[in-house]
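Student: Below you will find the structure I want to go over with you.
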Amino acid sequence: MKFNDYKYIRPDFNKVKVQYLDLINDFKMSNTAEEQYSIVKKVNALTKDISTMAALVKTRNSINTADKFYEDENEYIDNMMPKFQGLTVEFYKALLNSKFKNELKEKVLPQLYNIAEMEIRTFSDDVIPLLQEENKLVSQYSKLISSAKINYDDKILNLSQMEPYMQSTNRNVSF
């Protein structure tokens, strides 16, 4: 599938939150490691969908910072992702407290437990507004960088498009 073929669908945070909390509840209420593993896969699929939509927005917004639609969507994603991270941490808490932890460790990559432990230690709901502000500032910086117009090699390029020239090993390429 080509990049342009990916369809962007805005993740509705309220629906995602309900889905995620339902999965966490189902995980906690599971009676077997196999049931919990099935829910881990569902959580991973949901996370993948959200991450894909966020990546699409970030990329499409960086390609054309003047596109109002993706600028607005980027702002939405900047605000949503820290809250989504909070939901992920709640799942990680359930994962680490699972009564089937040893059996699950045999089914998932061991790194998942390391990530879960680190996320729990480094995340607090108190920092969500700070993470949202950080995302906003990063987006503003990206827009500033993307909006640069440089006349080079008879083309108008932005800083990202200048990168191949800046890294060229060809001595004839100069600024």
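A short reminder: the numbers here are calculations on the coordinates, not readings from a lab. All of these numbers come straight from a predicted model, not from anything done at the bench. Cβ: placed from backbone, ideal geometry, glycine included. Neighbour counts: every protein chain shown.
Student: Please list log₁₀ I(q)/I(0) at q = 0.11, 0.17, 0.20 Å⁻¹ for segment 3-148, using the Debye equation with identical point scatterers on the alpha-carbon positions.
Tutor: Treating every Cα as an identical point scatterer, log10 I(q)/I(0) equals -0.49, -0.99, -1.20.
Student: Assign unit charges at the C-beta atoms only (+1 for Lys and Arg, -1 for Asp and Glu), then state the dipole size of segment 121-175 relative to its Cα centre in Debye, rounded to the nearest 20.
Tutor: Dipole of segment 121-175, to the nearest 20 debye: 240 debye.
Student: To the nearest Å, what is the center-to-center distance of segment 80-141 and segment 14-35, using C-alpha atoms only?
Tutor: Result: 16 Å between the Cα centres.
Student: Could you work out [θ]222 nm for the chain from helices alone, using -39500 (n - 2.57) per DSSP H run of at least four and dividing by all its residues? Round to the nearest 500 deg cm²/dmol.
Tutor: -23500 deg cm²/dmol
Student: Cα to Cα, under 17 Å, and not fewer than 8 places away if on the same chain: which lysines meet these conditions relative to LYS2?
Tutor: LYS2 reaches LYS58.
Student: Using only the alpha-carbon atoms, how far is helix 128-146 inclined from the longest principal axis of the chain? Give it as 0 to 90 degrees, nearest 10.
Tutor: Around 20 degrees separate the two axes.
Student: With point charges of +1 on the Cβ of Lys and Arg and -1 on the Cβ of Asp and Glu, referenced to the Cα centre of segment 3-148, which listed residue (PHE13, LEU95, ASN31) lies farthest in the positive direction of the dipole?
Tutor: Selected residue: ASN31.
Student: May I ask you to order 19-28, 145-154 by the average number of other C-beta atoms within 10 Å around their residues, highest value first?
Tutor: Peptide ranking by packing, descending: 19-28, 145-154.
Student: Using the alpha-carbon atoms, what tilt in degrees (0 to 90, nearest 10) does helix 68-96 show relative to the longest principal axis of the chain?
Tutor: So the inclination is approximately 30 degrees.
Student: Taking neighbour counts of Cβ atoms within 10 Å as a proxy for exposure, in what order, fewest first, do VAL173, VAL40 appear?
Tutor: Fewest-to-most Cβ neighbours within 10 Å comes out as VAL173, VAL40.
Student: Given H placed on each backbone N at 1.01 Å, which residues far from LEU157 in sequence or on other chains put an amide H within less than 5 Å of it?
Tutor: For LEU157, the qualifying residues are ILE150, ASN151, TYR152.
Student: Continuing with the same structure: Could you order peptides 76-83, 59-66 by the average number of other Cβ atoms within 10 Å of their residues, highest first?
Tutor: 76-83, 59-66
Student: Provide the FRET efficiency to the nearest 0.05 for the ASN114-GLU34 pair, computing r from the beta carbons and using R0 = 22 Å.
Tutor: The computed FRET efficiency comes out at 0.45.
Student: Once the Cα atoms of helix 13-29 and of the chain are each reduced to a long axis, what angle between those two axes, in degrees from 0 to 90 to the nearest 10, is obtained?
Tutor: Result, in degrees: 30.
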